[in-house]
Amino acid sequence: MTSTWLPASTVAADSPFGIHNLPYGVFTTTEDPSPRVGVAVGNAVLDAGAVAQATGSDHAALLSAATLNPLMAAGRPVWTTVRAEITAWLTDPGYRHDVLPNLTPLQDARLHLPFEVADYVDFYASEDHATNLGRIFRPDSEPLTPNWKHLPIGYHGRSGTVVVSGTDVVRPSGQRKAPADAAPTFGPSRRLDIEAEVGFVVGTPSKLGEPVALADFRDHVFGVCLVNDWSARDIQAWEYVPLGPFLGKSFATSVSPWIVPLDALAEAWVAPPARDVPLLPYLDDAAAAPAGLDLDIAVALNGHEISRPPFKGMYWTAAQQLAHMTVNGASLRTGDLYASGTVSGPDRDRRGAFIEITWNGQDPLKLPDGTTRGFLEDGDEVVITATAPGPDGTRVGFGAVTGRIRPAAG
């Protein structure tokens with residue numbers, strides 16, 4: 001594996017933000033409040049634009065932008081070249097004098113939403129998650145709906161409420177109606193939940209009317225982040241028949257501040273679960289390179305780990321989701337974000353949402369301080385982290401997506 005000349009005090013040998021990763025973000029500092037592209041390396045942030053200008057890089061303009069969108073729109077050949085340039089800066093001691101003045105300790109950097117979100121789509125790709133919910137809400141029927149193994153189910157969300165990690169989440173209000181209630185009432189959600197997910201960020205756009213094939217996934221997707229797609233289960237339950245998620249989902253979606261490039265995940269690709277229903281040709285990946293990802297995800301509530309959802313068990317891959325999302329001719333835009341849907345396993349300590357962990361509140365989660373949770377309470381903080389396999393036994397870090405619940409407005 002390539003090594004860096006930076007000292008171990010900056011980049012430890014086992015750092016998830018080592019030279020093998022180099023995720024992109026946008027940061028500011030107290031001294032310089034201008035948003036700019038940063039690259040996480042160890043416990044520091046590299047001002048990529050400043051180093052590009054100092055070295056005379058042809059890509060200085062892209063790396064000096066206030067968001068990642070210009071770089072993302074440039075396309076895969078440029079992504080590959082820029083990554084090679086940044087790697088050279090951090091591995092060739094000849095760049096020492098350009099790099100050192102442009103490193104900021106991570107704790108001194110304020111991280112921002114790294115890209116301007118164009119559209120947002122959320123999928124429903126975990127068979128365990130879909131099965132768990134089917135057993136909760138349709139105990140006398142087959143847990144999976146008839147279409148589930150034929151296509152990646154999803155919905156279009158609200159891009160304007162995608163927020164960066166660390167942004168507080170105000171408890172949403174809306175209409176609620178329990179099955180035994182005679183009429184709906186209005187008020188703060190009583191069943192506020194999380195959804196531990198993985199997001200995929202589109203860089204290269206596509207033309208209206210031209211579907212994106214499975215094989216073209218890497219030409220369009222810039223990188224991967226973590227997502228918490230917060231859910232108000234009681235609001236959602238009353239409003240979603242006969243259409244889909246609306247106010248119960250649109251109040252906030254949190255994303256991690258670092259976008260891990262696909263090239264950093266070369267060691268993490270795995271085969272998805274075996275398909276037991278034949279797929280239509282545009283989704284059939286039997287002869288394709290493995291497109292599942294082996295991510296180790298952890299969910300913590302108030303500092304206590306409560307779950308480790310297994311992403312490599314996701315039935316539908318990100319490539320299939322992209323192909324399905326565009327098969328009707330819908331176009332991609334730079335900054336489109338689409339998320340995997342809740343990542344879950346069959347067991348309680350592998351589930352990615354409280355509705356599954358507590359079985360819709362019937363079996364509350366017991367915390368070390370003696371309190372219990374059916375769903376989230378005001379003041380609760382949720383932290384989702386993840387790593388993936390890297391070269392030579394290293395781990396590729398995604399950082400964290402965090403959010404604390406604030407009381408409802410008014």
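Of note:
- Paramagnetic label zone (point 7 Å from Cα along Cα-to-C-beta, residue 408; backbone N under 17 Å) in region 168-192: 169-179, 181-192
- Cβ-derived FRET efficiency at R0 60 Å, residue 97 paired with residue 182, nearest 0.05: 0.20
- A cut-off under 13 angstrom between Cβ atoms defines the neighbours of residue 80, and their net charge, with Lys, Arg +1 and Asp, Glu -1, is 0.
- Taking a straight line from the alpha carbon of residue 149, these lysines sit under 25 Å away, with near neighbours fewer than eight places off in the same chain left out: 249, 312.
- Once both labels are positioned 7 Å from their Cα atoms along Cα-to-Cβ, the gap between residue 276 and residue 58 label points is 5.2 nm.
- Environment charge at residue 206 (Cβ cut-off 9 Å; Lys +1, Arg +1, Asp -1, Glu -1): 0
- Rounded to the nearest 20, the Cβ-based charge dipole of the chain about its Cα centre (Lys and Arg +1, Asp and Glu -1) stands at 660 debye.
- Using the empirical formula 2.2 N^0.38 Å as the baseline, the Cα radius of gyration of region 305-410 reaches a ratio of 1.35.
- Stretch gain in nm, segment residue 168-residue 371, where the contour uses 0.36 nm per residue and the Cα spacing is subtracted: 70.9 nm
- Centroid-to-centroid, using Cα positions, region 218-262 and region 146-212 are 4 Å apart.
- Along each principal axis, taking the top coordinate minus the bottom one, the Cα set of region 1-119 gives 39, 32, 26 Å in descending order.
- Binning the alpha carbon pair distances of region 105-227 at 5 angstrom intervals from zero yields the distribution 2, 7, 11, 16, 17, 16, 13, 9, 5, 3, 1, 0, expressed in whole percent.
- Selection among 53, 63, 120 by position relative to the dipole of the chain gives 120 as farthest towards the positive end (Cβ unit charges, Cα centre).
- 25 °C / 0.890 mPa s Stokes-Einstein diffusion coefficient of region 219-288, Kirkwood radius on C-alpha pairs, µm²/s: 154
- Within the straight-line cut-off of under 12 Å between alpha carbons, the aspartates and glutamates reachable from residue 177 are 234, 239, sequence neighbours fewer than 8 places apart in one chain being disregarded.
- Spin-label pair residue 298-residue 137: with each label point 7 Å from Cα along the Cα-Cβ axis, the two points sit 3.2 nm from one another.
- Mean residue ellipticity, 222 nm, helices only, the chain: the sum of -39500 (n - 2.57) across DSSP H runs of n ≥ 4, divided by residue count and rounded to 500, is -4500 deg cm²/dmol.
- Computed over region 272-354, the ratio Rg/Rh where both radii use C-alpha atoms and Rh is Kirkwood: 1.04
- Taking the chain as a Gaussian network of alpha-carbon nodes connected by springs under 10 Å, the highest mean-square fluctuation of the residues 120, 338, 282 belongs to 282.
- Principal-axis analysis of the Cα atoms of the chain puts helix 127-137 at an angle of about 30° to the longest axis.
All of the numbers you see were taken from the coordinates with simple rules; none came from a lab. Bear in mind the structure is a predicted one, so any value in this text is a computation, not a measurement. Reconstructed Cβ throughout: ideal geometry from the backbone, glycine too, with neighbour counts over all protein chains shown.
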